[in-house]
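Inspection log for the structure reproduced underneath, given as structure tokens.
The values are calculated or read from the model by the stated rules, or taken from the named source; none is laboratory data. All values derive from a computational prediction rather than experimental measurement. Using ideal geometry, Cβ is built from the backbone for each residue, glycine included, and neighbour counts are taken over all protein chains shown. Heads up: the accessible areas ignore ligands, DNA and RNA and are worked out on the full protein's heavy atoms, side chains in. Shrake-Rupley method; radii C 1.70, N 1.55, O 1.52, S 1.80 Å.
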Amino acid sequence: MSRNCLAVMPIQRLPNKREGQPLKRFNELLRILTIVVPMATCISTNSFAQQPTLNVMPLPAHVQQGSGSTGLVFLKEPTLNVMPLPAHVQQGSGSLAIDSKFSASLTGFVEPRLERSLQRFRKQLARETGLVFVKQTAGGNKSEAPASLVIHTGHASQPIQELGEDESYNLEIAPSGAKLDAATPLGTMHGLQTFLQLVSVTSQGFAVPVVSIQDQPRFPWRGTMIDAGRHFMPMDVLKRNIDGMEAVKMNVFHWHLSENQGFRIESKKFPKLHEMGSDGFFYTQEEVREIIEYAHDRGIRVVPEFDVPGHSTAWFVGYPELASGKAPYRIEERWGIFDPAFDPSNEKTYKFLNEFFGEMAKLFPDHFLHVGGDEVNGKEWDANPKIQEFIRANNLKNNAGLQSYFNKKLQAIIAKHGKAMVGWDEVLAPELPHDIVIQSWRGQASLAAAAKQGFRGILSNGYYLDLGWSAARHYAVDPMSGPAADLSPDEKLRILGGESCMWSEYVNAENVDSRIWPRNAAIAERLWSPQSVTDVPSMYARMNAEGERLEWLGLTHNTYYRQMLQRIAGTATPQEFAALRTVTDLVEPVKDYAREQTATSEPTSGNGLNRVVDAVALESDQGRRFNELVDQYLASSCHNELAGNELRAWLVRWRDNDAVLQPLAQRSFLVQEIVPVSQGLTVASKIGVEAMDYLILGTAADAAWKADHAAALTELAKPKAQLLLVPLSGIQRLVEATNAASVCGAK
């Protein structure tokens with residue numbers, strides 16, 4: 001922001017408590033407001049953000065960090081803006097220029113996959129820099145000068161990628177050239193992503209810094225699950241998200257393919273599965289092979305999930321004889337847990353599953369196959385006399401015993417076809433073979449309990465992206481924390497890593513990228529980088545930079561937003577659209593499962609996802625930065641004059657925003673829905689301006705003013721239009737600071 005962008009701000013009448021304050025104090029406030037405070041239209045968001053010097057995510061494991069300052073508020077800068085943070089980094093001085101003469105060559109082991117990876121690297125580098133590079137051969141030309149980047153791979157990876165393969169790499173960058181060494185193509189591909197993240201624009205041109213990186217992942221299983229069952233996800237959506245996973249070194253795409261709302265894959269043995277259970281939206285087997293190949297090219301395994309015995313309504317539309325209840329069945333349009341479940345007492349069930357999983361085992365090459373196993377409510381089992389008799393005859397005691405019986409037979413089927421079974425917490429039973437993997441949605445205690453019993457596990461509790469948590473909250477969740485921290489060394493080895501999960505009740509192809517990225521990069525770092533990497537401000541700075549870079553891959557997590565807002569606004573003046581954007585930038589959807597709980601009518605798959613709650617980001621960057629700046633201002637005992645002025649300028653802008661938005665709300669029913677939110681922002685901001693005036697003058701508010709406004713903010717914090725106003729917590733802290741006993745009570 002230009003410091004020449006100054007304006008006189010309107011001065012509000014001060015609360016009565018201030019009348020009679022020394023004229024000197026008032027003149028001080030007047031001088032600040034008329035000379036220093038920038039116009040609302042000229043506010044720089046950079047003043048809230050750390051501006052990293054290098055760009056990479058996940059961050060390598062150990063990074064020596066320097067310090068620095070930028071913008072309005074002085075913040076610590078990460079010296080390496082990579083994500084995930086590598087395992088060991090040593091920075092030097094100087095840089096390697098990236099210009100049109102930059103070249104890269106492969107040495108050592110070379111295969112078509114590596115050649116394609118190098119082609120993608122060159123294409124991406126050209127995209128990000130706008131440079132036109134001289135065409136290079138895969139191995140380079142011995143008569144030419146050495147390549148700028150020499151890439152050496154030791155040997156081949158396994159033909160079918162396996163859990164725990166060597167993914168390490170070493171990257172050495174000097175002013176004269178760079179060298180990337182890796183044992184396998186997996187490490188080579190990771191190293192190329194790190195190199196791309198290091199590229200930045202400088203005063204002399206594009207360059208990468210002189211640096212030495214030795215890197216390897218902390219966990220071997222680092223995945224993202226995308227639910228294509230509830231809302232079908234087209235091929236281009238899957239591919240661009242796989243590209244995003246490659247960029248942050250994730251290595252498992254967990255593909256959720258069956259749900260109550262849809263069976264999403266072609267079965268040649270049982271065609272009624274996709275013909276009757278999908279509403280016409282499913283992947284052909286040829287498309288499945290295309291995704292598998294696409295992911296393999298990027299060092300990513302594809303693990304399919306077919307959920308049984310529950311979450312299975314769509315199976316029974318075409319094959320009702322497999323169910324525990326009575327036909328007919330229809331594809332479910334509502335969300336939640338439903339009664340239909342496979343009949344574990346029917347031998348035809350196992351014959352069917354044996355043939356089906358045999359077909360899928362041939363289609364999906366990965367060693368692991370996910371069978372779901374979660375959230376069986378048992379109501380159909382309870383209502384079926386034949387099943388209850390089966391439980392008694394086989395001494396199974398209850399429905400949990402019946403599901404264990406089912407899982408044991410299912411595991412034998414999966415193993416027969418050369419696969420290891422993966423399931424959610426509910427499949428865990430001591431009698432099952434220890435080659436199964438438990439995916440825990442319940443948490444570290446469940447994960448640790450499985451490890452103690454000899455089972456391998458991955459954590460997803462804390463990584464549910466659809467719940468709308470902040471990146472910081474996801475980042476704080478570690479597979480090895482809590483009870484897992486007390487495991488023996490051998491037991492800890494059974495914790496393989498974790499997966500983020502994108503359940504799709506409230507996402508579709510239009511907004512799904514925004515619900516995954518960029519927060520997924522924070523989870524990627526948690527699973528790759530050392531456990532000691534926990535600096536949240538650094539994480540946000542690097543995550544935001546990586547989020548911008550991911551757009552070059554075609555991800556739409558930023559670009560979708562304006563398009564959806566344009567639909568919501570319809571014909572709007574620039575000022576009206578800016579007013580809409582002011583509100584939407586400061587709100588988040590309700591958290592956890594409150595979306596369903598606060599709905600005015602029962603949500604279904606037939607609902608359009610075109611409201612403001614569907615368009616706004618799950619984490620408000622503007623709101624978070626405002627709240628951080630409040631904390632910085634209060635931490636300075638309100639002596640940070642520039643921060644105080646910046647806060648007040650924002651609050652004034654927000655206070656006056658609703659008047660500009662109102663005409664648009666009269667013309668758009670979608671904008672009309674958020675009028676209470678906009679009005680709440682006006683009220684809250686007015687309170688915030690008054691609080692800032694107290695703090696700038698250094699006077700205390702009377703108890704009645706503080707109590708009234710604290711109560712008003714509590715009321716405003718209640719969701720409206722299923723949205724939450726994020727700056728309210730910061731404004732509340734400003735109100736609390738007006739107390740005479742606070743750190744800002746006397747300046």
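Contact map, the stretch 705-716: first residue within 15 Å of residue 685 (Cβ to Cβ) and open to solvent by less than 30 Å² (accessible area, probe 1.4 Å), second residue among the polar types (S, T, N, Q) and assigned to a helix (DSSP H, G or I), Cβ cut-off under 8 Å, separation 6 or more or different chains; pairs are 713/732.
Looking across the stretch 471-491, the residues that are part of a loop (DSSP other than H, G, I, E, B) and open to solvent by less than 40 Å² (accessible area, probe 1.4 Å) come down to 477, 478, 479, 480, 481, 487.
Checking each residue in the stretch 80-94 for being at pLDDT 95 or above, over 18 Å from residue 175 (Cβ atoms) and out of contact with any Phe, Trp or Tyr (no Cβ under 6 Å at 6 or more places or on another chain) picks out 82, 83, 85, 86, 87, 88. Would you check if residue 140 is modelled with pLDDT of 95 or more and not polar (S, T, N, Q)? No, not satisfied. Evaluating residue 629 against the criteria (1) under 29 Å from residue 473 (Cα atoms); (2) out of contact with any Asp or Glu (no Cβ under 7 Å at 6 or more places or on another chain) leaves one unmet condition, (2). Note on the stretch 623-646: residues that are closer than 13 Å to residue 729 by Cα and open to solvent by less than 10 Å² (accessible area, probe 1.4 Å) amount to 4. The set of residues from the stretch 316-365 being more than 30 Å from residue 596 (Cβ to Cβ), open to solvent by less than 10 Å² (accessible area, probe 1.4 Å) and either in a loop (DSSP other than H, G, I, E, B) or of a type in the set (S, T, N, Q) (or both) comprises 349, 364. Answer yes if at least one residue in the stretch 680-696 is open to solvent by 20 Å² or more (accessible area, probe 1.4 Å), among the hydrophobic types (A, V, I, L, M, F, W, C) and either in contact with a helix residue (DSSP H, G or I) (Cβ under 7 Å, 6 or more places away or on another chain) or touching a residue at least 12 places away in the same chain (Cβ under 8 Å) (or both), and no otherwise. So far as the stretch 680-696 goes, yes, one or more of its residues are open to solvent by 20 Å² or more (accessible area, probe 1.4 Å), among the hydrophobic types (A, V, I, L, M, F, W, C) and either in contact with a helix residue (DSSP H, G or I) (Cβ under 7 Å, 6 or more places away or on another chain) or touching a residue at least 12 places away in the same chain (Cβ under 8 Å) (or both). One residue stands out among those in the stretch 160-187 that are open to solvent by less than 30 Å² (accessible area, probe 1.4 Å), among the hydrophobic types (A, V, I, L, M, F, W, C) and part of a strand (DSSP E or B): the one that is farthest from residue 211 (Cα to Cα), which is 182. Any idea which residue in the stretch 249-264 is farthest from residue 83 (Cα to Cα), counting only those that are among the charged types (D, E, K, R) and not in a strand (DSSP E or B)? Looking at the filtered set, the residue picked out is 264. Meeting the requirement of 3 or more residues that are over 16 Å from residue 219 (Cβ atoms), open to solvent by 30 Å² or more (accessible area, probe 1.4 Å) and out of contact with any helix residue (DSSP H, G or I) (no Cβ under 6 Å at 6 or more places or on another chain), the helices (runs of 4 or more DSSP H) wholly within the stretch 492-564 are 536-550.
Being assigned to a strand (DSSP E or B), β-branched (Val, Ile, Thr) and closer than 17 Å to residue 167 by Cβ: is that true of residue 224 here? Yes. Considering only residues that are over 16 Å from residue 552 (Cβ atoms), open to solvent by 50 Å² or more (accessible area, probe 1.4 Å) and not aliphatic (A, V, I, L, M), which ones fall in the stretch 109-132? Result: 109, 112, 115, 116. Among the residues of the stretch 417-447, those that are assigned to a helix (DSSP H, G or I) and free of Cβ contacts under 8 Å to residues at least 40 places away in the same chain comprise 445, 446. For the structure I just gave you, tell me whether residue 649 is more than 15 Å from residue 722 (Cβ to Cβ), open to solvent by less than 10 Å² (accessible area, probe 1.4 Å) and hydrophobic (A, V, I, L, M, F, W, C). Yes; evaluated as a whole, the condition is true for this residue. Among the residues of the stretch 691-745, those identified as under 38 Å from the mean Cα position of the chain (by Cα) and hydroxyl-bearing (Ser, Thr, Tyr) are 714, 729, 738, 742. Applying the condition of being open to solvent by 30 Å² or more (accessible area, probe 1.4 Å) and over 13 Å from the mean Cα position of the chain (by Cα) to the stretch 445-470 and asking which residue is nearest to residue 508 (Cα to Cα) yields 461.
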